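Student: Next up is a structure, given as structure tokens.
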Amino acid sequence: MGHWLHRNIVEPGKLPLLLALSAFVLTFLITRVVTRLIRAGKGPFGNVSSGGVHIHHVVPGVVLAVVGGFGAVASGRHGFGAGLCAVVFGMGAGLVLDEFALILHLDDVYWSEEGRKSVEVVVLTVALVGLVLAGFSPFGVNDVTQGEAQDRGGVISSVVVNFLFAMLVLLKGKTRMAIFSVIVPLVGLIGLIRLARPGSPWARRFYARRPRARARAVLRAYHRDKRWSGPRRRFQDLIGGKPDPVPPVGQ
């Protein structure tokens, strides 16, 4: 294990990335535990306020992310300083993305249905950083030869093609697949071949006069959402806690 860690993580200079990812995950999980205890009225924890203003944890998160980010830029990829800055940045990023929904909606939606977006973004971030840590590079240019690197033509062509794949998948309304295709181009190719989601720019443009394709897209989206919405909600509830019930209309 130690040899593998040194060969695949330390030597390539990926130790700061591993430390940042570990700090990110631990900070997010600890934050969710603390906020759920505060919500339940248990434990010694409580909301932080100053002058009657509730201080959300995104505020110290931004400070930590800025300090860790600039510190990482100023330091190298090796050494104690790089590792420390990576941990500080990971902690800050965990606090910030835990309240991503608040930033997106500019409202305290932490325990609402909209607050699930924070959990989705955190899971996507962990998955993407994990892929980079495992050796996948953005736009799939991690396996270029020395000749291609010198010529740069192959690298540029690969980046352009994979970027177009990601954009086309995004136009098809498949946001998650588009994000993952930046790291794993094969995902983009699969998303490009499959039908677009109804209501997406692609569907409005190319399915407008194709009722059979439009009907197939609606049916496929319905079955997919029906199959995965339940497990996805249970997974999000397990990590982030159940949102507050939506009050009946008129109340």
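The values are calculated or read from the model by the stated rules, or taken from the named source; none is laboratory data. On a predicted model such as this, the values are computed, not experimentally measured, just so you know. For neighbour counting, all protein chains shown are included, and Cβ atoms are generated from backbone atoms with ideal geometry for every residue, glycine included. We work out accessible area using only protein heavy atoms, side chains counted, and drop any ligands, DNA or RNA first. Shrake-Rupley method; radii C 1.70, N 1.55, O 1.52, S 1.80 Å.
Student: Can you tell me how many residues within segment 1-24 are assigned to a helix (DSSP H, G or I), small (Gly, Ala, Ser) and surrounded by fewer than 14 Cβ atoms within 10 Å (Cβ to Cβ)?
Tutor: Summing the residues that are assigned to a helix (DSSP H, G or I), small (Gly, Ala, Ser) and surrounded by fewer than 14 Cβ atoms within 10 Å (Cβ to Cβ) in segment 1-24 gives 2.
Student: Would you be able to say whether some residue in segment 40-48 is free of Cβ contacts under 8 Å to residues at least 40 places away in the same chain, closer than 23 Å to Ser118 by Cβ and among the polar types (S, T, N, Q)?
Tutor: Yes, segment 40-48 has at least one match.
Listed here are the residues, each with its yes/no results for (1) open to solvent by 50 Å² or more (accessible area, probe 1.4 Å); (2) in contact with a helix residue (DSSP H, G or I) (Cβ under 9 Å, 6 or more places away or on another chain); (3) part of a helix (DSSP H, G or I).
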{"site": "Ser181", "(1), (2), (3)": "no, yes, yes"}
{"site": "Leu189", "(1), (2), (3)": "yes, yes, yes"}
{"site": "Pro198", "(1), (2), (3)": "yes, yes, no"}
{"site": "Trp202", "(1), (2), (3)": "yes, yes, yes"}
{"site": "Tyr222", "(1), (2), (3)": "yes, no, yes"}
{"site": "Gln236", "(1), (2), (3)": "no, yes, yes"}
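Student: Anything in segment 68-82 that is open to solvent by 90 Å² or more (accessible area, probe 1.4 Å) and either at pLDDT below 85 or within 13 Å of Ala23 (Cβ to Cβ) (or both)? List them, or say none.
Tutor: Arg77, His78 - these are the residues of segment 68-82 that are open to solvent by 90 Å² or more (accessible area, probe 1.4 Å) and either at pLDDT below 85 or within 13 Å of Ala23 (Cβ to Cβ) (or both).
Student: Shifting gears a bit: Which one is least open to solvent (accessible area, probe 1.4 Å), of the residues in segment 204-220 that are in contact (Cβ under 8 Å) with a residue 12 or more places away in the chain and out of contact with any Phe, Trp or Tyr (no Cβ under 7 Å at 6 or more places or on another chain)?
Tutor: Result: Val218.
Student: Same structure, new question: So in segment 227-239, with the set limited to residues that are modelled with pLDDT of 85 or more and among the charged types (D, E, K, R), which one is nearest to Lys117 (Cα to Cα)?
Tutor: Arg234
Student: Check segment 58-74 and report whether any residue there is part of a loop (DSSP other than H, G, I, E, B) and touching a residue at least 24 places away in the same chain (Cβ under 8 Å).
Tutor: Looking through segment 58-74, none of the residues is part of a loop (DSSP other than H, G, I, E, B) and touching a residue at least 24 places away in the same chain (Cβ under 8 Å).
Student: Take segment 164-179 and flag every residue that is of a type outside the set (A, V, I, L, M, F, W, C) and buried (at least 19 other Cβ atoms within 10 Å of the Cβ). Working first, answer last.
Tutor: Looking only at segment 164-179, we keep the residues that are of a type outside the set (A, V, I, L, M, F, W, C), and these are 172-176.
If the condition is that a residue be of a type outside the set (A, V, I, L, M, F, W, C) and buried (at least 19 other Cβ atoms within 10 Å of the Cβ), then Lys172, Gly173, Lys174 are the ones that fit.
Student: With the structure loaded, tell me whether Gly188 is within 20 Å of the chain's Cα centre (by Cα) and at positive phi or whether it fails that test. First the steps, then the outcome.
Tutor: Values: within 20 Å of the chain's Cα centre (by Cα): yes; at positive phi: no.
Criteria not met by Gly188.
Student: While we're on this one: Please enumerate the residues belonging to segment 97-118 that are surrounded by fewer than 17 Cβ atoms within 10 Å (Cβ to Cβ) and not in a helix (DSSP H, G or I).
Tutor: Scanning segment 97-118 gives Leu106, Asp107, Asp108, Trp111, Ser112.
Student: For segment 88-96, indicate whether the set of residues that are under 27 Å from Lys242 (Cβ atoms) and either open to solvent by 40 Å² or more (accessible area, probe 1.4 Å) or outside any helix (DSSP H, G or I) (or both) is non-empty.
Tutor: Taking every residue of segment 88-96 in turn, at least one turns out to be under 27 Å from Lys242 (Cβ atoms) and either open to solvent by 40 Å² or more (accessible area, probe 1.4 Å) or outside any helix (DSSP H, G or I) (or both).
Student: Count, please, the residues in segment 75-109 that happen to be farther than 21 Å from Pro12 by Cβ and either in contact (Cβ under 8 Å) with a residue 24 or more places away in the chain or touching a helix residue (DSSP H, G or I) at 6+ places or on another chain (Cβ under 7 Å) (or both).
Tutor: Going through segment 75-109 one residue at a time, the tally reaches 18.
Student: I need every pair where a residue in segment 157-185 that is over 23 Å from Ala208 (Cα atoms) has its Cβ under 9 Å from the Cβ of a residue that is surrounded by fewer than 19 Cβ atoms within 10 Å (Cβ to Cβ) and hydroxyl-bearing (Ser, Thr, Tyr), sequence separation at least 6 or different chains.
Tutor: Ile183/Ser137; Pro185/Ser158
Student: Now a separate question. Considering Thr27, Thr35, Thr31, which residue is buried (at least 20 other Cβ atoms within 10 Å of the Cβ) and either outside any helix (DSSP H, G or I) or polar (S, T, N, Q) (or both)?
Tutor: Thr27
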